[in-house]
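Chemist: First the structure, which I've put down as structure tokens, then a few questions once you've had a look.
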Amino acid sequence: MQVNIPLKKVIDNSYDITIDTIPTTYFDTKVAIITNPKVAGLHLGYLLSKITAKELYIITVPDGEEYKNQDSIDLILESLFNHRFNRKSMLIAFGGGVIGDMTGYASSIYQRGIDFIQIPTTLLSQVDASVGGKTGMNNSYGKNLIGAFHQPRGVYIDPCFLTTLASREFGAGVAEIVKMAVTFNKTFFEFLESANLKNPDILEDAIKQAVQTKADVVAKDEKENGIRATLNYGHTFGHVVENETKYKKYLHGEAVAIGMVMANNTSVKMGLMSNDEAIRVKLLLEKYNLPTNYNVENEVDFYETFYLDKKSSDSKITFILPVGIGDVKITDECEREVVLSVLNEFGTD
Ligand code: GLY
């Protein structure tokens, strides 16, 4: 005998991303704002002037990638149990990518899933991490290896938070903006080449274009079965750079900038991109003081670390390579020798 469970439901997970001043909002339910002491010190007063709720709690977790772990998730969950949150309750992620990913993950597992809203406060999380429902935490095996796809109910991108951003954090966000342009939108790339993102109006325009690009990709492939993997352009190489430097030397976006240059050099060797185009991308990154060079000490060790990448299998490594500017391809047909020669030449002027 077989019992069939018909589960072919169409679930509407659509949501709006508002790029503007946070609207004054009352939530008729229990709400917890998840944040860290740094963001709370700078911006919680502003948020509390905008958001009220039937019951409102603040949960702070320590600041930093090293706290993106089970201990912090437990801290959040225990607080929700103590305050008797139920399935109608809601979380608000208020911080950068670490806070967003952990809040999303906690909301995906608390009582099998409750709603959450993203209010990202760094440029990187505004243009990338807060959009698309990837949530998770790190463990001893690597970054983001535990998690869930859990879409937020909404995202509020308020440019006012960027005024307090340190210049390296700003550059790290620009790297993700450049990523969206190189992979999908040549006109956007040309706009970035002539724009000064330090101008708040121009920055807001760039955020809108980057978010629209990401939203279009996520709408086509929410669970990363295909095209969404292209958003990892620069990440395959960048994750190795982060891993080799123990996550201490470079911010994530900085490592991605180095990774994009490595991917571009690979594309040039494979005849997918011209040298001139690769130079244009490098110059754009350097305009925002992003690192574009890295001393690869041992290219074979570097290559072996690719196997830790979630996209790779035991035998094949998947690379995301730009095709000119404005197009991209996912390939596991990249010769090991080609990549080794790119790595070998890297770090030498
Ligand atoms: N940050 C890449 C993605 O959301 O797919």
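The values are calculated or read from the model by the stated rules, or taken from the named source; none is laboratory data. Just so we're clear, the structure is a prediction, and the values are computed from it rather than from any experiment. All Cβ positions, even for glycine, are placed from backbone atoms using ideal geometry, and neighbour counts span all protein chains on display. All accessible areas refer to the heavy atoms of the entire protein, side chains included, with ligands and DNA or RNA removed. Shrake-Rupley method; radii C 1.70, N 1.55, O 1.52, S 1.80 Å.
Chemist: Once all Cα-Cα distances of the range 1-123 are split into 10 Å bins that start at 0, what whole-number percent is in each one?
Modeler: Percent of pairs per bin, in order: 12, 43, 31, 9, 4, 1, 0.
Chemist: Quick one: dipole size for the range 1-108, taken about the Cα centre, charges +1 on Lys/Arg Cβ and -1 on Asp/Glu Cβ, in debye to the nearest 20.
Modeler: 480
Chemist: Can you give the helix-only mean residue ellipticity at 222 nm for the chain, where every DSSP H stretch with n ≥ 4 adds -39500 (n - 2.57) and the sum goes over all residues, rounded to the nearest 500 deg cm²/dmol?
Modeler: That comes out to -12000 deg cm²/dmol.
Chemist: Now for a separate question. Comparing Ala172, Ala53, Ala215, which has the greatest mean-square fluctuation in the GNM of the chain with Cα pairs linked when under 10 Å apart?
Modeler: Ala53
Chemist: Let me ask something else. Estimate the FRET efficiency between Arg87 and Lys8 by the formula 1/(1 + (r/R0)^6), using the beta-carbon distance for r and 22 Å for R0, to the nearest 0.05.
Modeler: That gives a FRET efficiency of 0.40.
Chemist: Whole percent per 10 Å bin, from 0 to the bin with the longest distance: what is P(r) over all C-alpha pairs of the range 45-202?
Modeler: 10, 36, 34, 16, 4, 0
Chemist: Could I ask something else about it? Report for the chain the percent antiparallel among DSSP-assigned beta bridges with both residues inside it, nearest 5.
Modeler: Around 25 percent of the beta bridges assigned by DSSP in the chain are antiparallel ones.
Chemist: While we're on this one: So for the chain, what are the equivalent ellipsoid semi-axes in whole Å, largest first, each being the square root of 5 times an eigenvalue of the Cα gyration tensor?
Modeler: Largest first, the chain gives 34, 23, 19 Å.
Chemist: Another question, then. Give me D for the range 179-276 in µm² s⁻¹, whole number, from Stokes-Einstein with Rh from the Kirkwood sum over alpha-carbon pairs, 20 °C and 1.002 mPa s.
Modeler: So the translational diffusion coefficient is about 145 µm²/s.
Chemist: Same structure again: So, in nm, how far is label Ser274 from label Val323 when the simple model puts each one 7 Å beyond its Cα toward the Cβ?
Modeler: Once both label points are built, they end up 1.8 nm from each other.
Chemist: Here's a follow-up. What's the carbon and sulfur percent of the chain's accessible surface, probe 1.4 angstrom, rounded to a whole number?
Modeler: C and S fraction of accessible area: 49 percent.
Chemist: Can you tell which of Thr292, Gly259, Thr52 lies farthest toward the positive end of the dipole of the chain, using +1 and -1 charges on the Cβ of basic and acidic side chains (Lys, Arg; Asp, Glu)?
Modeler: The Cα lying farthest towards the positive end belongs to Thr52.
Chemist: Additional query: Given a 1.4 angstrom probe, what's the average accessible area per residue across the chain, in square angstrom?
Modeler: I get 47 Å² per residue for this part.
Chemist: Assigning unit charges at the beta carbon (Lys, Arg +1; Asp, Glu -1) and nothing else, what dipole magnitude in debye, to the nearest 20, does the chain show about its Cα centre?
Modeler: Computed charge dipole of the chain: roughly 1180 debye.
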